[in-house]
Every structure is written in C-alpha cells, then in structure tokens.
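One structure is given below, encoded as structure tokens.
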Amino acid sequence: MKHAKLLTHFAPAGRRNAEEVSRQSRVVAQAPHVCTLLESFPVPAVVLSRERQLVAANQKLAHLVGRPVDALLGLRPGEVFNCIHSQEGPGGCGTSVFCRVCGSNRAILNSRTEECRMTCRAPQGWQSLDLRVQATPLSIGPDTFTVVSFIDI
C-alpha cells in the first residue's frame, strides 16, 4: 500500500483504499469475540485501522449518527460525527490545524483517554459534543487496530 505524501497540520493524511478497508473489516468481524465485545460497550465504540479509518462499529454509534455501520466504513471519527473541521485538512479528519488540539485525535494517536469538544454539523444546525474518548490498541494477527469508545460527558 502506497500513501501519497500530503502536507498535514497534525496526523498523517494517508488512507487505505476501499478494498483494504473492506479486508480489515472482515478481519475484525471474523476475530473471535471482537464484535460481541464491541456491542457490549454501553457507549458508541469503533475499531479503527492504523490510518484512523473505521473498520467496525457498534450499533450504538450507528444509531447516534443515524447511518448504518456499512456506510461509515473507511471514515475517520470526525467525518463520522460531521466535525466542522473534518474536511479542512488535506487528508480529512486529523489533518487540519484545528486537529492539533482535538482530544479525540490525541487519544487515538497515543492510545489513551482524553476529553474532546467537537463542534458538528447536524440537521438542526451546529451542535457541540463533549466526549471522553478512550483508545486502546488491538492486534489481530499481523494487523494493528485501535478500539475507541466515545462517552458523552
């Protein structure tokens, strides 16, 4: 997999193509107990690739954003939530100047817990989400992922 070198203000901009995202989604779906554990979270949760692209999510996230999980595959968290800055950087979510201070990005990149205020576009106008974002690494065979939960605080 080759990534074009894009200038970015924070996180790497490269993405996996749709075929690779689909392959990784199948890897996660076939791993014993991963989907069951993801659904057991009491809050919205996802599995992200190294490129921070969604490869699995629980139904709580799908319900929250009003879209089926399949429609979210390959998106980054800010794109899933319609963050107002998610399209400003060269590689989407994580690559704009505003992403440097985003607790969600910091949590995901460093596998830790951070607080995040995300301003999002919603049908009724802009809304702010105050979230505690918890990220934990997950290895499945040769693939490395990050499990991320989003807690409304």
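The values are calculated or read from the model by the stated rules, or taken from the named source; none is laboratory data. Everything quoted here is computed from the prediction, not taken from an experiment. Side chains are part of the model used for accessible areas, which takes the heavy atoms of the whole protein and leaves out ligands, DNA and RNA. Shrake-Rupley method; radii C 1.70, N 1.55, O 1.52, S 1.80 Å.
Quick one: pull the percent of accessible area on region 1-121 belonging to carbon and sulfur, 1.4 Å probe, ligands and nucleic acids left out.
Result for region 1-121: 55 percent of the exposed heavy-atom area is carbon or sulfur.
Taking H as built 1.01 Å from N, whose amide H comes closer than 5 Å to the amide H of Leu138, not counting residues under 5 places away?
Placed amide hydrogens put Phe145, Thr146, Val147 under 5 Å from Leu138.
Give me the base-10 log of I(q)/I(0) for the chain at each q in 0.08, 0.12, 0.15 Å⁻¹, Debye formula, one uniform scatterer per Cα, rounded to two decimals.
At q = 0.08, 0.12, 0.15 Å⁻¹ the computed log10 ratios are -0.20, -0.45, -0.73.
Ignoring ligands, DNA and RNA, what accessible area per residue does the chain give at 1.4 Å, in Å²?
Normalised by residue count, the accessible surface of the chain is 54 Å².
Once fully extended, how much extra length lies between Glu88 and Ile140, figured as 0.36 nm per residue of separation less the alpha-carbon to alpha-carbon distance?
Gain on extension, Glu88 to Ile140, equals 15.5 nm.
Quickly estimate the mean residue ellipticity at 222 nm for the chain, helices only: each DSSP H run with n ≥ 4 gives -39500 (n - 2.57), and the total goes over all residues, rounded to 500.
Calculated at 222 nm, the ellipticity per residue is -7000 deg cm²/dmol.
Which whole-number percent of Cα pairs in region 62-108 have a distance greater than 12 Å?
The share of Cα pairs beyond 12 Å in region 62-108 comes to 60 percent.
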